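The next block holds one structure in the form of structure tokens; read it before the comments.
The values are calculated or read from the model by the stated rules, or taken from the named source; none is laboratory data. Treat the numbers as computed from the prediction; the structure is a model and nothing was measured. Every residue, glycine as well, gets a Cβ built from its backbone with ideal geometry; the counts of neighbours run over all protein chains shown.
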Amino acid sequence: MTQTYRARILTPRSADEVHLIDDAQLVVGDEGRLVEVAPWKGGHCDADLRQHVLVPGFVDAHVHFPQTRSVGAASGPLLTWLNESIFPEEARFSDATHAQQVAVEFCQALASSGTTYALIYGSVHASASEILLNTMDAAGLRGLVGPVLMDRDCPEALQVPVEQAIEEIEGLAERWHGHDGGRLGVAVIPRFALSCSDQMLSRAADLAERLKLKVTTHLAETPGECQAVEQRFGRDYLSVYADHGLLQPGSVFAHCIHLNDPEWGRFKDASAVVAHCPDSNYFLGSGNMPIDKVIAHDIPWALGTDVAAGRSFRVPRTASFAYDNARQLEVSLSPRALFWQGTRGGALALGEARFGALEVGLEADMSLWRVPPWAESADELLASLFFDHDAPPALATWIRGQMVWSAL
Ligand code: GUN
Ligand code: ZN
């Protein structure tokens, strides 16, 4: 049914232009698409939301479902943190009851954060990814999910042999990829080079190519990890993924902190995508991501919360850390640019043109936020949205026009 909202809307048009309508008429048609976005014309409205600010839903390019309960596990740098805090928790996802409970918590965390699209890493268990997809489906959420692939250098309980892992993803993809008009889908996720045999990396690439699935993984997050990769494979980190067929147009690489200049050039030439996870980078002490290189090479990028190395499911908080990261490098990354990257720009970087802005023709993925009464201009509203870490969760979130969260 068509819904008409009267609202104050703020939407990005580019990395430096935003559009604010204080009193807007926003009409969502039967298909969940925006059919009108214009100044208020009068007449009936289903809800008057003008006290707050309505923005596009946020896009999270990198988040770990089985780490939902691990936020704040402050056990040290990446490899120590994985072994001490993360692998034991992820092993619990062989248990369907645990996976189901956490899936509900995870979906609530996404929706209450105003996140309307996410690229989601599962545990190694295909059964847990299936539970999450079912739970997301019932909740009306949108995203890509995949079990992480691991067959070496991690606890035995977390190793899945290559054939089994590939077959399980094929099964998941058959049931879920493109589900409900593409609201849900499956991704191919070798966890990182160190947790995969050569065969696993190659078979993952084959599978992604055969089923046209997106590839995502971690890349060059810490110096220790890069050294271990160099030692094992005898080449630089990006070459490892490239040589196994994983460096494809649209492949999404999280972190990318410690790449050398030739690697950046090859990354750009490959039309790969960066998931920038600055909160995680600070929490694990992984380093400052050279966002200046990403910008100079005109590499597509999106923000990733990277829960649980990231401490919040909220993309706006990640954006605030991205601002800090850029300041450390004396790079200017404006709130307007962060708004773009966290919504429409991030969606486009991930190959999704259907949503990300409040524009006629796009799907109505939206979130509503409380802002202080004195915040009036676009820049004041952005300051509150992105830099007020004390702000409460989203007041409401919609995906394709369906309300998936409400605290109204
Ligand atoms: N590298 C391999 N696995 C992980 C993970 O779970 N989180 C982060 N931040 N980096 C990783
Ligand atoms: Zn991660």
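What number of residues in region 189-213 are within 16 Å of ligand 2 (Cβ to nearest atom) and either at positive phi or touching a Gly at 6+ places or on another chain (Cβ under 6 Å) (or both)?
1
Kindly indicate the residue of region 247-271 that is away from ligand 2 (no atom under 16 Å from the Cβ) and in a loop (DSSP other than H, G, I, E, B) and also nearest to T222 (Cα to Cα) among those meeting that condition.
My answer is L259.
Quick one: what pairs do we get from region 332-351, first residue at pLDDT 95 or above, second of a type in the set (K, R), C-beta under 9 Å, 6+ apart or different chains?
As it stands, the answer is L333/R327; W340/R13; R344/R13; A347/R354; L350/K214; G351/K214, since those pairs meet every condition given.
What do you reckon, is D46 more than 16 Å from ligand 2 (Cβ to nearest atom), surrounded by fewer than 22 Cβ atoms within 10 Å (Cβ to Cβ) and under 22 Å from P278 (Cβ atoms)?
no
Say we look at region 174-203 and pick out the residues that are in contact with a His (Cβ under 8 Å, 6 or more places away or on another chain) and closer than 18 Å to C154 by Cβ; which of these is surrounded by the most Cβ atoms within 10 Å (Cβ to Cβ)?
F192
Can you find a residue in region 96-112 that is surrounded by 14 or more Cβ atoms within 10 Å (Cβ to Cβ), in contact (Cβ under 8 Å) with a residue 40 or more places away in the chain and either over 30 Å from N134 (Cα atoms) or among the basic types (K, R) (or both)?
No.
Quick one: which helices (runs of 4 or more DSSP H) sit completely within region 160-220 and have at least 1 residues that are under 21 Å from N134 (Cβ atoms) and of a type in the set (V, I, T)?
It comes to 162-176.
Mind telling me which of the residues V252, V240 ends up being within 15 Å of ligand 1 (Cβ to nearest atom), more than 21 Å from the chain's Cα centre (by Cα) and in contact (Cβ under 8 Å) with a residue 12 or more places away in the chain?
None of the others qualify; the one that does is V240.
Among (1) out of contact with any Ser or Thr (no Cβ under 6 Å at 6 or more places or on another chain); (2) in a helix (DSSP H, G or I); (3) within 11 Å of ligand 1 (Cβ to nearest atom), which single condition is P66 missing?
(1)
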